[in-house]
1. Please give, to one decimal in nm, the separation of the simple spin-label points placed at residue 38 and residue 5, each 7 Å out from Cα toward the Cβ.
2. Which of the peptides 55-68, 15-28 is most tightly packed, and how do the rest follow, going by the mean number of other Cβ atoms within 10 Å of each residue?
3. Only one of the listed values, (1) 5.6; (2) 6.0; (3) 6.7, was derived from the coordinates as mean projected area of the Cα convex hull in nm²; which label is it?
4. Using Cα-Cα distances under 8 Å and only pairs 6 or more residues apart, what relative contact order does the range 9-98 have, in percent?
5. Indicate, rounded to the nearest 5 percent, the antiparallel portion of the DSSP beta bridges found entirely in the chain.
6. Using per-residue counts of other Cβ atoms within 10 Å, averaged over each peptide, order 5-14, 35-44 from highest down.
7. Among 85, 80, what is the fewest-to-most ranking by other Cβ atoms within 10 Å?
8. To the nearest 10 degrees, how steeply does helix 39-56 sit against the main Cα axis of the chain, on a 0 to 90 scale?
């Protein structure tokens, strides 16, 4: 598993979007903190999606904070991928990992 290099974020706090902030941590784990307007109904599914994306991108040692305003799954996935790429200063995007 890979570590991200620095803190990064993606998204907005607009309706139907999500603001995602990530940062490296010392422990070999994935921490997810979620605040969502639909958490009661979809909170577990959102957390599962976040964990899946992080594992697909082969990342660990990461803390993720999500402020969701009713974003669809593909929006959350794209915001998280963008934040991870920014945190690693990836100039060459590995499209097969996305």
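1. About 3.5 nm separates the two model spin labels.
2. Output ranking for 55-68, 15-28: 55-68, 15-28.
3. Correct label is (1).
4. After rounding, I find 43 percent.
5. The antiparallel proportion sits near 60 percent.
6. 5-14, 35-44
7. Fewest to most other Cβ atoms nearby, the residues stand as 85, 80.
8. 20
Readers should treat all values here as calculations from the given coordinates under stated rules, not as data from a laboratory. These numbers come from a predicted model, not from an experiment. When we count neighbours, we look across all protein chains shown, and the Cβ atoms used for this are built from the backbone with ideal geometry, even at glycine.
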